[in-house]
Each structure stands twice: as C-alpha cells, then as structure tokens.
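A short write-up of the structure that comes next.
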Amino acid sequence: MFEAIAFYLFAALTIVMFTITVMTSQALYAITAMAAGMIFISAFFFILGADFLGAIQIIVYTGAVMALYAFGMMFFDTTRNVVEKRTNPQIVFVLGVLAAVMVVAIFVAPIVSNNIQALYPIQEGVGNSQAVGMVLFTKYLVPFELAAVMLLVAMIGGIVLAGKKMDRSLTLMAEEEIGLMDESYEPKAGGH
Amino acid sequence: MEVTLTHYLVLSTILFAIGLIGVMRRKNLLMLFFATEILLNATNIAFAAISHYIGDLSGQMFAFFIIAIAASEVAIGLGLLIVWYKRTGKIDLDQMNSMRG
C-alpha cells in the first residue's frame with residue numbers, strides 16, 4: 001500500500017519536473033527542475049530495493065552532472081532566449097515511430113520476461129551494496145575496468161577541450177589568428 | 001493496488017517520450033543535453049525495475065554503466081560546447097551549419 005502511494009507520488013512529481021525541464025524557456029528553471037527530477041528518480045531505486053544505485057544516482061547526477069551543467073550555464077549566455085523554431089517533419093516522424101515501437105515493446109516485455117531466468121540471482125541475507133559489489137567485481141570486472149578507462153579518457157578530454165588557452169578569448173579572434181596562435185603562443189609569466 | 005513491472009515500464013516510457021519531445025523542440029544545445037539526460041534516466045528506471053521483478057542483478061549493473069556513460073558524455077559534450085562557444089559565441093543548433101549538412 002505504501003509502496004503504491006510512494007510510486008504514484010514520485011511518478012507524478014518526476015513527470016511534472018521533467019515536463020518543466022523540457023518545456024520552459026528559462027535555463028535556470030530547467031536546471032532546477034532537472035535536479036529535482038533526478039532526486040525523485042532515486043526514490044524509485046530505493047523503492048525497488050536498489051539502494052546502492054539510488055545513492056549513486058544522487059551523488060553522480062545531482063552532485064557531479066548538475067555542477068557541470070551549472071558551470072556551463074554560468075559560462076554560456078543562457079539568459080538570452082533562444083528562439084525554438086519548428087523542427088524538421090522527418091525527424092518528428094522518425095522519433096514518433098521510435099516512441100511508438102518502444103511502447104509496443106514495453107507492453108510485450110512482461111510476457112517475454114516470463115521465460116527469462118536470472119543469471120545472477122539476488123541472494124538472501126546479503127545487502128544490496130554487498131551483492132552489487134560481489135557481482136560487479138566478479139562477473140562484470142572487465143566492463144568495470146573499461147568504464148574506468150572511459151571515465152579517465154573523458155576527464156582528460158574535458159580538461160584538454162575546456163582548459164586550452166583559457167586566458168585568451170577565441171571569440172574575438174579571426175580564423176587566421178587562431179591558426180597562428182599555436183606557433184606564437186607563450187603563456188605570460190604573471191598570469192593575466 | 002499492487003505496483004507491477006508494467007507500471008514502472010509505462011512510467012519509463014512516459015519519461016522517455018518527454019525526453020524525445022525535448023530533443024525535438026530544443027534549439028539551445030545546453031537544453032538538448034538536459035533532454036538526453038532525461039532519456040538516460042528513463043532507461044535507468046526500466047533497468048532497475050526489471051532487475052527487481054526478475055530478481056537479477058544484471059539490470060542494476062547496466063544502470064551503473066549507463067550512469068558512467070552519462071557522466072563521460074557530459075564532460076566531453078560540455079568541453080566541445082565551450083570550444084564552440086569560444087569560437088562563435090553561439091550555442092544555437094541551427095547555426096552549426098559550417099559543414100553545410
């Protein structure tokens with residue numbers, strides 16, 4: 001009973017928050033609503049017994065991803081309204097068909113799932129974090145390491161892309177000046 | 001009033017559709033990233049729900065990897081967006097037509 005109440009409450013809240021994120025024209029409203037929606041989504045994970053996933057959801061999304069987006073919002077001039085023009089009808093058609101196919105697949109999925117056997121069944125008497133650790137570090141060790149390498153690549157890529165020549169404004173230069181800058185660029189000793 | 005797997009899957013579909021609407025109507029690239037995060041979160045709910053109702057931990061594992069991919073995507077995407085903004089001063093999708101695509 002409480003599970004049902006919690007599910008419907010958080011479902012309504014999540015849908016409202018994400019609708020605000022998608023529909024509003026103010027970037028500040030969008031980012032605030034999305035942060036709230038991410039926290040409400042973690043509630044579903046707690047209801048479903050995936051405690052560790054819920055904690056990770058809060059830490060990663062509302063901690064790291066939202067901080068990055070807040071930084072991006074401060075960096076870009078997002079107070080200026082971008083005119084949302086009418087989109088290409090072909091893209092709308094393709095995405096609409098995609099969504100329809102997905103709805104059909106989702107309604108068929110519980111029928112198909114009766115034939116699925118659990119590969120790594122949830123054991124009794126073991127907490128969620130412990131069970132996740134045991135599966136992640138035995139069966140999914142190689143994907144885990146690959147994810148670590150991917151995160152390292154992403155971190156280096158972010159630093160190289162965003163931190164390159166931060167003391168100069170590439171906006172105010174012509175294309176030729178940017179090309180010449182690679183040879184003649186030397187960092188000033190005293191900063192700027 | 002039992003909450004079944006279908007409830008969670010329908011919720012996941014609704015959130016995914018909201019994200020698709022966002023991808024379709026946004027022209028600001030930062031707002032487009034918000035919509036992609038909504039798409040990834042919708043699939044995460046589906047994975048966690050299936051993991052719970054089948055009694056298998058693989059769904060949660062996939063959700064973890066999706067979260068890792070989302071974090072990488074934000075880092076690289078924002079880096080590229082900053083470079084583009086420094087060169088042009090705009091993050092509108094319609095003005096990214098230097099390849100005449």
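Every number here is computed from the coordinates shown, using simple stated rules; none is lab data. In this text the structure is predicted, and so the values were computed from the model without any measurement. Counting neighbours? That spans all protein chains shown, and the Cβs are built from the backbone with ideal geometry, glycine included.
Pick out which of B:THR36, B:THR13, B:THR88 has the largest mean-square fluctuation in a Gaussian network model of chain B, springs linking Cα atoms closer than 10 Å.
Answer for the Gaussian network model of chain B: B:THR88.
If R₀ is 41 angstrom, what is the calculated FRET efficiency for the pair A:ALA105 and A:PHE71, using the beta carbon separation as r and rounding to 0.05? The partial results should precede the final answer.
Values: r = 37 Å, r/R0 = 0.91.
Rounded to the nearest 0.05, the efficiency is 0.65.
Considering the dipole of chain B built from charges on the beta carbon (Lys and Arg +1, Asp and Glu -1) around the Cα centre, which of B:ILE69, B:ASN44, B:GLN95 is farthest to its positive end?
B:GLN95
Starting with the highest mean, order A:66-72, A:120-126 by the number of other Cβ atoms within 10 Å, averaged over the residues of each peptide.
On the way: A:66-72: 17.3, A:120-126: 12.0.
The most tightly packed comes first, giving A:66-72, A:120-126.
Could you line up A:ILE111, A:ILE56, B:ILE76 from fewest to most neighbouring Cβ atoms inside 10 Å? Numbers along the way, then the final one.
Details: A:ILE111 8, A:ILE56 20, B:ILE76 17.
If I rank by nearby Cβ atoms, fewest first, I get A:ILE111, B:ILE76, A:ILE56.
Just checking the output field for B:11-19: average partner chain Cβ neighbours within 10 Å of each residue's Cβ? List each step's numbers first, then the result.
Values: counts 9, 3, 6, 6, 7, 5, 7, 9, 4.
Mean shielding count: 6.
Would you grab the residues whose amide H sits under 5 Å from the one on B:LEU57? Only those 5+ places off in sequence or on another chain, please, with H modelled 1.01 Å from N.
Those qualifying (amide H under 5 Å, at least 5 residues apart or on another chain) are A:TYR120, A:ILE122.
Give me the log10 of I(q) over I(0) for chain B at q = 0.22 Å⁻¹, as the Debye formula computes it from C-alpha points; what are the numbers?
For chain B, the Cα-only Debye profile gives -1.11.
Using a 10 Å cut-off around each Cβ of peptide A:150-158, what is the average number of partner chain Cβ atoms that fall inside? Before the final figure, lay out the partial values.
Working: counts 5, 5, 1, 3, 10, 4, 1, 5, 9.
Counting other chains' Cβ atoms within 10 Å and averaging over A:150-158 gives 5.
Can you pull the one-decimal nm distance between simple spin-label points at A:VAL160 and A:ILE58, each 7 Å off the Cα toward Cβ?
3.7 nm
Please report the base-10 log of the normalised intensity I(q)/I(0) for the stretch A:116-160, using a Debye sum with one equal scatterer per alpha carbon and no solvent, at each q in 0.30, 0.31, 0.33 (1/Å).
Taking Cα atoms of the stretch A:116-160 as identical point scatterers yields -1.01, -1.04, -1.08.
What's the whole-number percent of alpha carbon pairs in the stretch A:7-64 lying beyond 13 angstrom?
Numbers: 968 of 1653 pairs.
Tail of P(r) above 13 Å: 59 percent of Cα pairs.
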